[in-house]
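S.K.: Sharing a structure, written as C-alpha cells. Questions coming.
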Amino acid sequence: MASRVLRKRTKAYKRRCGVPLMVKIESCLPSLRAPRLGGGGWCHDVESCNARKYTNLGSSNRMERQVPFTGILSNLPSNNPDFSDWNIVVIRYCDGASFSGDVEETNQNGTTLYFRGQRIWKAVMEELFLKGLATANKALLTGCSAGGLATYIHCDDFKALLPNAETVKCMADGGFFLDVKDISGKSYIHDFYSDVVHLQDVGKRFPNCISQMDATKCFFPEEIIKGISTPVFVLNSAYDSVQVQSMLVPSSSDPSNS
C-alpha cells in the first residue's frame with residue numbers, strides 16, 4: 001500500500017539539512033514502533049555528492065510523495081504476520097554517508113553541500129518523539145543496504161532514546177559490508193569508504209574506535225558491531241548482489257579499464 005507522507009518544515013531541520021524533513025508513516029498500534037532507515041549507497045567526493053543532490057538520494061525536494069509499503073513494511077498480516085500492526089516509519093536517505101556525517105562548513109570547493117547525516121538522524125528522532133515514539137513499549141530499528149549500515153551505527157543510540165521501553169532491538173538488512181579486496185587484489189571498497197569518512201568527517205562518530213585504529217575501519221560493520229550492546233539481528237545474503245557487483249568485482253578491477 002502507499003504511505004502517508006509527513007513533510008515537516010522546522011527551523012531546527014532547516015539548520016541541519018537545508019531542505020524540509022520527509023518521513024513516511026503508516027500508523028497502527030501506538031505502543032509498537034519500527035523506524036526504517038532508507039538506503040541508496042554513498043557519495044565519496046564533491047562531484048558525486050553534488051550529482052546526488054539533484055536526485056531523490058540528495059534532496060527531499062526530489063523524493064516521491066508516495067512509496068509502496070511492502071515486505072516488513074506491509075500492513076497485511078498475510079504478507080507481514082509479525083509487524084503488520086506496528087507503526088512503520090520510513091526515513092528517507094539523502095546524506096550519502098549512512099546518517100553519520102557531520103560537517104559544519106557547507107562550501108565544498110565552491111559547491112554548497114550539507115554533510116550532516118548525524119544531525120538528520122537527531123532531527124528525525126526528535127520529530128518522531130513528538131509523533132509518539134516516546135511512548136513506545138516495543139521498538140525495532142531497521143534499515144536496508146546503506147540504511148542497514150546506519151542501523152548498526154545508530155542501534156545503541158536508538159536504545160538510549162527509549163530507556164523505559166520493554167523491548168528495543170535492531171535489524172540490519174543487507175548492510176554488513178565487508179572490508180575485503182576485490183578480484184584484482186585492490187582495496188576498492190576500503191579506499192571508497194576512506195573517501196566517504198574523510199569527506200564527511202565520519203570518524204568523530206566513533207571516538208572509541210578511532211583511538212585504536214584507522215577511522216575507515218571503524219565505518220565497517222565488522223568493527224561497529226563489536227561495540228553494540230543492544231540486541232541486533234544481522235540479515236544478509238550469502239551472495240549479496242551489491243557487494244559482488246560493486247565491491248568484489250567493481251569496474252575498476254577490469255584489466256581493460258586500467
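S.K.: Just give me the residues in segment 103-137 being of a type in the set (D, E, K, R), at pLDDT 90 or above and within 21 Å of the chain's Cα centre (by Cα), in sequence order. It would help to see each step written out before you state the result.
M.R.: If we filter segment 103-137 for residues that are of a type in the set (D, E, K, R), which is where we start, we get 104-105, 116, 119, 122, 126-127, 131.
Checking which are at pLDDT 90 or above leaves us with 104-105, 116, 119, 122, 126-127.
Correct list: 104, 116, 119, 122, 126, 127.
S.K.: Tally up the residues in segment 43-72 that are polar (S, T, N, Q), touching a residue at least 60 places away in the same chain (Cβ under 8 Å) and outside any loop (DSSP other than H, G, I, E, B), please.
M.R.: Just the residues of segment 43-72 that are polar (S, T, N, Q), to begin with: 48, 50, 55-56, 59-61, 66, 70.
Subsequent filtering for residues that are touching a residue at least 60 places away in the same chain (Cβ under 8 Å) retains 50, 66.
So of that shortlist, the ones also outside any loop (DSSP other than H, G, I, E, B) come out as 50.
The qualifying residues number 1.
S.K.: Would you tally the residues in segment 204-234 being touching a Lys or Arg at 6+ places or on another chain (Cβ under 6 Å) and within 23 Å of residue 162 (Cα to Cα)?
M.R.: Start the filter on segment 204-234 by keeping residues that are touching a Lys or Arg at 6+ places or on another chain (Cβ under 6 Å), which leaves 223, 230-231.
In the following step, the residues that additionally are within 23 Å of residue 162 (Cα to Cα) were identified as 230-231.
Of the residues in segment 204-234, 2 are touching a Lys or Arg at 6+ places or on another chain (Cβ under 6 Å) and within 23 Å of residue 162 (Cα to Cα).
S.K.: Within segment 198-214, restricting attention to residues that are buried (at least 17 other Cβ atoms within 10 Å of the Cβ) and touching a residue at least 40 places away in the same chain (Cβ under 8 Å), which residue is farthest from residue 94 (Cα to Cα)?
M.R.: Here is the first cut: in segment 198-214, the ones buried (at least 17 other Cβ atoms within 10 Å of the Cβ) are 199-203, 205-206, 209-210.
Imposing the further condition that a residue be touching a residue at least 40 places away in the same chain (Cβ under 8 Å) reduces the set to 199-202, 205.
Values: 199: 15, 200: 13, 201: 16, 202: 15, 205: 18 Å.
The residue in question is 205.
S.K.: I'd like to check something: does segment 100-114 contain any residue that is part of a helix (DSSP H, G or I), surrounded by fewer than 17 Cβ atoms within 10 Å (Cβ to Cβ) and among the hydroxyl-bearing types (Ser, Thr, Tyr)? Write out each step before concluding.
M.R.: Step one: of segment 100-114, the residues part of a helix (DSSP H, G or I) are none.
No: segment 100-114 contains no residue that is part of a helix (DSSP H, G or I), surrounded by fewer than 17 Cβ atoms within 10 Å (Cβ to Cβ) and among the hydroxyl-bearing types (Ser, Thr, Tyr).
S.K.: Ok, one more. Tell me yes or no: at least one residue of segment 73-94 is in contact with a Phe, Trp or Tyr (Cβ under 6 Å, 6 or more places away or on another chain), crowded, with 23+ Cβ neighbours inside 10 Å and either part of a loop (DSSP other than H, G, I, E, B) or modelled with pLDDT of 95 or more (or both). Show your work before the answer.
M.R.: Residues of segment 73-94 that are in contact with a Phe, Trp or Tyr (Cβ under 6 Å, 6 or more places away or on another chain), as a first pass: none.
No, segment 73-94 contains no residue that is in contact with a Phe, Trp or Tyr (Cβ under 6 Å, 6 or more places away or on another chain), crowded, with 23+ Cβ neighbours inside 10 Å and either part of a loop (DSSP other than H, G, I, E, B) or modelled with pLDDT of 95 or more (or both).
S.K.: Here's a follow-up. Of everything in segment 158-184 that's without any contact (Cβ under 8 Å) to a residue 60 or more places away in the chain and surrounded by 17 or more Cβ atoms within 10 Å (Cβ to Cβ), which residue is nearest to residue 217 (Cα to Cα)? Working first, answer last.
M.R.: Within segment 158-184, the subset without any contact (Cβ under 8 Å) to a residue 60 or more places away in the chain is 160-167, 179, 181.
Filter once more, so that each one left must be surrounded by 17 or more Cβ atoms within 10 Å (Cβ to Cβ): 161-162, 165.
Working: 161: 27, 162: 29, 165: 32 Å.
Only one residue tops the list, namely 161.
S.K.: Every residue in segment 215-247 that is modelled with pLDDT under 95 and either surrounded by 18 or more Cβ atoms within 10 Å (Cβ to Cβ) or part of a loop (DSSP other than H, G, I, E, B) (or both), please.
M.R.: Within segment 215-247, 236, 237, 238, 239, 240, 243, 247 qualify.
S.K.: Considering only segment 120-140, I want to know if a residue exists there that is of a type in the set (S, T, N, Q), crowded, with 19+ Cβ neighbours inside 10 Å and part of a loop (DSSP other than H, G, I, E, B). Explain how you work it out, then say what you get.
M.R.: Within segment 120-140, the subset of a type in the set (S, T, N, Q) is 135, 137.
Filter again for crowded, with 19+ Cβ neighbours inside 10 Å, leaving none.
Checked segment 120-140: no residue is of a type in the set (S, T, N, Q), crowded, with 19+ Cβ neighbours inside 10 Å and part of a loop (DSSP other than H, G, I, E, B).
S.K.: Follow-up. Cβ contacts < 8 Å: first residue more than 25 Å from residue 183 (Cα to Cα), restricted to segment 230-247; second residue in a helix (DSSP H, G or I) and acidic (Asp, Glu), any location; separation 6+ or different chain. Result?
M.R.: Between residues of segment 230-247 that are more than 25 Å from residue 183 (Cα to Cα) and residues that are in a helix (DSSP H, G or I) and acidic (Asp, Glu), the close pairs are 230/156.
S.K.: Which residues, taken from segment 178-208, are within 20 Å of residue 120 (Cα to Cα) and either part of a loop (DSSP other than H, G, I, E, B) or polar (S, T, N, Q) (or both)?
M.R.: 200, 201, 206
S.K.: Could you list, in sequence order, the residues of segment 45-72 that are buried (at least 17 other Cβ atoms within 10 Å of the Cβ) and basic (Lys, Arg)?
M.R.: Scanning segment 45-72 gives 52, 53.
The values are calculated or read from the model by the stated rules, or taken from the named source; none is laboratory data. The model shown is predicted, which means the values in this text are computed figures rather than measured ones. Heads up, the Cβs are rebuilt from the backbone with ideal geometry, glycines too, and the neighbour counts pull from every protein chain shown.
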